[in-house]
Amino acid sequence: MDLALRSFEYWAYSYRRVWRASIATGILAATAMQIGTFESSYPIMAAIRWTRQFHAMLATPLRVRDLIVGHQLYVACRLAVVGGIYLVILAVFGVLHSPLAILALPSVVLVGLAYSGPVSAVSAWLERDEGFNALFRFGVIPMFLFSGTFFPVTRLPHPFREIAYATPLWNGVDLTRQFTLGTATLSRSLAHTAYLLLWIAAGHVLAHRTFRRRLVT
Amino acid sequence: VTAFAVSRTRGHLLFERNLMVYRRTWLTLISGFFEPIFYLFSLGLGLGHFIGDVHGVSYAAYIAPALLASSAMNGAVYDGMTNVFWKLRYGKVYDAMLATPMGPTDVAVGETAWAQFRGLLYATGFVITVAALGLVESWWGVLALPAAVVVGFGFAGMAIGTSTFIRSWQDFDTVQLVQLPMFLFRHLLPALGVSAGDPVARALLAALPRDDARPLVHDRHGRAGEPRERRLPAGPRPLRDVARPAANGRASAHLARGSSPWAIVDSNHGPPPYQSGALTN
């Protein structure tokens, strides 16, 4: 009886630990998404329309490509700082189950950039900032809540499950979680990384197009 | 009280002005309604599957009133803080208004009334949705609406007052620092017991002012009879947990077998412990 009770307690304890670790890393990746999205929404629109910093920069030898790359670099730095602090806190709370967790830091940066690129293209394309409300309410918050952050995607009904699998956030959450829990496999990690890099590249191309249309012609 | 105050002042003019402005940006107004709904679906119906029943009702039904109060808080704070700050500092809307017979009191009353109207709009939509999902167990649920308005009133006044002290957009991060813990710890996490056992978290919970709001809203749903201790069960004691590295090893072993991290959470290991009462935290 005592043994049964003890094994039950161990089970309950480990269950809670893994659950906590899963949710904690889910929130880490989701925070990266929110930072990446926010930093490329209002600040980009402000620099193009309100304060016109980008116009001033283009009057110097800087080109449109430099503006985009520079902004993404700044976002990457911010993501690395926030992710680093968050990972240290996670380590203190004991939810990192593997030394591979150090790789969660670059993956967090990847998740943030996968959002930052496309969103900066959208910010340059939008006419007014009301669009951001819709973007956050109908894009960011549903992704934050339904992309495997708080519960597995398999709980979702069918069309929504496939949509969730297609989001960069789900790929990022899975990538980060594999590292912090120590369940990473090479093929899966590479697939997630490639998918996130695809989003970053696509965002860069799109941003370049919308920035040029807004700032140059 | 607000109706009285509005009738005595010119606050209704500002209310009317906001109504006209939002006629053009209705998407912003409508979209706020979806936020608590998304949270309800994700936390209540998604996460709730793994939590089971809390105090005899489903987790979705348990957090629904909390989400209602939270959406009243968030609506009032966003409207009273960001919008008022923008109008005050950048839009210079109030400067223009003060050139008319309107005074500062009219502005304050009008903005508070508007924030409450917006909160009531969201609360009504939320209660209807929740009722359609079958999560309201009593007709007293209708009274959750005035309760949410009272919550919104408290926060709207606080938010508009605070927005006059705010110097720049960076100061909003400080506001978030206060608002977010209230949203998370006060309502949603005690049921999970994520941190209710830590002395720090316990002190934090005791210090948060929204203690009154949840019983208020829950009462309307007819199930806040339990004493406070039962609604906030004692959580894990950090020292005892730290002293059990073996359990940690077991979790890692499970993961090393290549199982999905969620598999250990899912209910294929017999009855989940949280339903047996042994692990209510």
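The values are calculated or read from the model by the stated rules, or taken from the named source; none is laboratory data. This one's a predicted model, so the numbers in the text were calculated from it and none came from an experiment. Don't worry about glycine lacking a Cβ; one is built from the backbone with ideal geometry, like all the others, and counts go over all protein chains shown. Remember, those area values only see protein heavy atoms, side chains included, never the ligands or the DNA or RNA. Shrake-Rupley method; radii C 1.70, N 1.55, O 1.52, S 1.80 Å.
Couple of notes before you dig in:
- Meets criteria (small (Gly, Ala, Ser) and within 15 Å of the chain's Cα centre (by Cα)) for B:Ala96: no
- Selected residue [without any contact (Cβ under 8 Å) to a residue 60 or more places away in the chain, closer than 15 Å to A:Thr25 by Cα and at the interface with chain B (Cβ under 10 Å from one of its Cβ atoms)] from A:Phe146, A:Phe138: A:Phe146
- Search result, residues across the stretch B:51-87 that are among the hydrophobic types (A, V, I, L, M, F, W, C), assigned to a helix (DSSP H, G or I) and touching a Phe, Trp or Tyr at 6+ places or on another chain (Cβ under 6 Å): B:Ile51, B:Leu67, B:Leu68, B:Met73, B:Ala76, B:Val77
- Selection status of B:Ala144, hydrophobic (A, V, I, L, M, F, W, C) and farther than 27 Å from B:Pro181 by Cβ: no
- Of everything listed in (1) surrounded by fewer than 17 Cβ atoms within 10 Å (Cβ to Cβ); (2) at pLDDT 80 or above, the single unmet condition for B:Thr25 is (2).
- In the stretch B:114-144, the residue that is farthest from B:Gly32 (Cα to Cα) out of those that are touching a Gly at 6+ places or on another chain (Cβ under 6 Å) and not polar (S, T, N, Q) is B:Trp140.
- Close pairs (8 angstrom Cβ cut-off, 6 or more residues apart or separate chains): open to solvent by less than 70 Å² (accessible area, probe 1.4 Å) in the stretch A:50-64, among the β-branched types (Val, Ile, Thr) anywhere: A:Phe54/A:Ile48; A:His55/A:Ile48; A:Leu58/A:Val64; A:Leu58/A:Val216; A:Val64/A:Val216
- Counted residues, the stretch A:197-207 - those being surrounded by 20 or more Cβ atoms within 10 Å (Cβ to Cβ) and either within 18 Å of A:Met45 (Cβ to Cβ) or in contact with an Asp or Glu (Cβ under 8 Å, 6 or more places away or on another chain) (or both): 2
- When residues in the stretch A:93-109 are screened for being within 16 Å of the chain's Cα centre (by Cα) and open to solvent by 30 Å² or more (accessible area, probe 1.4 Å), 3 of them pass.
- Per the listing A:Arg177, A:Arg155, A:Arg161, the residue uniquely within 10 Å of chain B (Cβ to nearest Cβ) and free of Cβ contacts under 8 Å to residues at least 60 places away in the same chain is A:Arg155.
- Which listed residue is at pLDDT below 80 and within 14 Å of chain A (Cβ to nearest Cβ), from B:Tyr62, B:Tyr78: B:Tyr78
- Against the criterion of being modelled with pLDDT of 90 or more and either loosely packed, with under 14 Cβ neighbours inside 10 Å or of a type in the set (Phe, Trp, Tyr) (or both), A:Ala194 qualifies.
- Pairs are defined by a Cβ separation below 8 Å, a sequence spacing of at least 6 or placement on different chains, a first member in the stretch A:26-47 that is within 11 Å of A:Leu169 (Cα to Cα) and of a type in the set (Val, Ile, Thr), and a second member that is open to solvent by 10 Å² or more (accessible area, probe 1.4 Å) and part of a helix (DSSP H, G or I); the pairs so defined are A:Thr31/A:Val82; A:Thr31/A:Tyr86.
- Restricting the stretch A:133-166 to residues that are open to solvent by 20 Å² or more (accessible area, probe 1.4 Å) and polar (S, T, N, Q), the residue that is nearest to B:Gly46 (Cα to Cα): A:Thr154
- Some residue of the stretch B:91-107 being in a helix (DSSP H, G or I), within 26 Å of B:Ala60 (Cα to Cα) and open to solvent by 20 Å² or more (accessible area, probe 1.4 Å): no
- Going through (1) of a type outside the set (D, E, K, R); (2) within 13 Å of chain A (Cβ to nearest Cβ); (3) out of contact with any strand residue (DSSP E or B) (no Cβ under 8 Å at 6 or more places or on another chain) one by one, B:Gly48 falls short only on (3).
- Residues that are touching a Ser or Thr at 6+ places or on another chain (Cβ under 7 Å) and more than 28 Å from B:Gln170 (Cβ to Cβ), drawn from the stretch B:34-92: B:Ile37, B:Gly48
Results for (1) modelled with pLDDT of 85 or more; (2) under 13 Å from the mean Cα position of the chain (by Cα); (3) not in a loop (DSSP other than H, G, I, E, B), shown as yes or no for each residue.
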{"position": "B:Gly134", "(1), (2), (3)": "no, no, no"}
{"position": "B:Glu137", "(1), (2), (3)": "no, no, no"}
{"position": "B:Gly141", "(1), (2), (3)": "no, no, yes"}
{"position": "B:Ala144", "(1), (2), (3)": "no, no, yes"}
{"position": "B:Ala148", "(1), (2), (3)": "no, yes, yes"}
{"position": "B:Gly157", "(1), (2), (3)": "no, no, yes"}
{"position": "B:Asp173", "(1), (2), (3)": "no, no, yes"}
{"position": "B:Phe183", "(1), (2), (3)": "no, yes, yes"}
{"position": "B:Arg186", "(1), (2), (3)": "no, yes, yes"}
